[in-house]
């Protein structure tokens, strides 16, 4: 039976655990926990994040709280190329398509999710076998004033459209750094939202995502200042 890793007591302890994984392959990390590596991630999209949560002692699971609730820290894996360029956008959280989305940025789930983040780069190309991808050095990050302002602007634009029942106007081009995209693979995941006629209809759920150019700038800024 797989043992449960105790949650880290401090950010420093979490940093030590994350740094101990840097340079290791995902196959090596999985072996430490007795976890089988999938052949690909088509049916296991969240596998890498779940693996690292297991190793690092995250306790939130699917609950609406940071991955390390006692520390207020969210963990995000970040697939990057061997040259360190983010390969895709980063999922932040789901977006309610009704009035429950909220109207105050600082009280939003997006803001709280991004208040303190442990970024763990996962190095490899799209054709690199899952087990051969490498865990990069961790980065603890909180948005600076400029980043927070840009994210708030995007969030307010997107949520204003949701509040007005104009979800149909939102496409992947909206938002400088934060975008709203469909999230869900089948009709069973449909949620209620307002259409352009103001009628309640069933539609694909949406999620907030950070654009790759945002995480690329974040990494560049960190390594230039670090």
Inset, instruction - Within region 170-214, count every residue that is over 23 Å from residue 77 (Cβ atoms) and either modelled with pLDDT under 75 or buried (at least 16 other Cβ atoms within 10 Å of the Cβ) (or both). - result: 19
Inset, instruction - Spot the failing condition for residue 37; the list is (1) modelled with pLDDT under 95; (2) under 21 Å from residue 123 (Cβ atoms); (3) assigned to a loop (DSSP other than H, G, I, E, B), and only one is missed. - result: (1)
Legend entry - region 60-84, residues that are closer than 20 Å to residue 7 by Cα and over 16 Å from the mean Cα position of the chain (by Cα): 70, 71
Legend entry - Considering residues of region 130-141 that are surrounded by fewer than 17 Cβ atoms within 10 Å (Cβ to Cβ) and within 18 Å of the chain's Cα centre (by Cα) only, the residue nearest to residue 112 (Cα to Cα): 140
Inset, instruction - Sort through 160, 144 and tell me the only one that's loosely packed, with under 14 Cβ neighbours inside 10 Å and in contact with a helix residue (DSSP H, G or I) (Cβ under 9 Å, 6 or more places away or on another chain). - result: 144
Inset, instruction - Return the only residue of 97, 21, 78 being under 21 Å from residue 212 (Cβ atoms) and buried (at least 17 other Cβ atoms within 10 Å of the Cβ). - result: 78
Inset, instruction - Would you mind telling me which numbered condition in (1) under 30 Å from residue 10 (Cβ atoms); (2) touching a strand residue (DSSP E or B) at 6+ places or on another chain (Cβ under 9 Å); (3) touching a residue at least 40 places away in the same chain (Cβ under 8 Å) residue 158 fails? - result: (1)
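The values are calculated or read from the model by the stated rules, or taken from the named source; none is laboratory data. Keep in mind it's a predicted model, so treat the numbers as computed, not measured. All Cβ positions, even for glycine, are placed from backbone atoms using ideal geometry, and neighbour counts span all protein chains on display.
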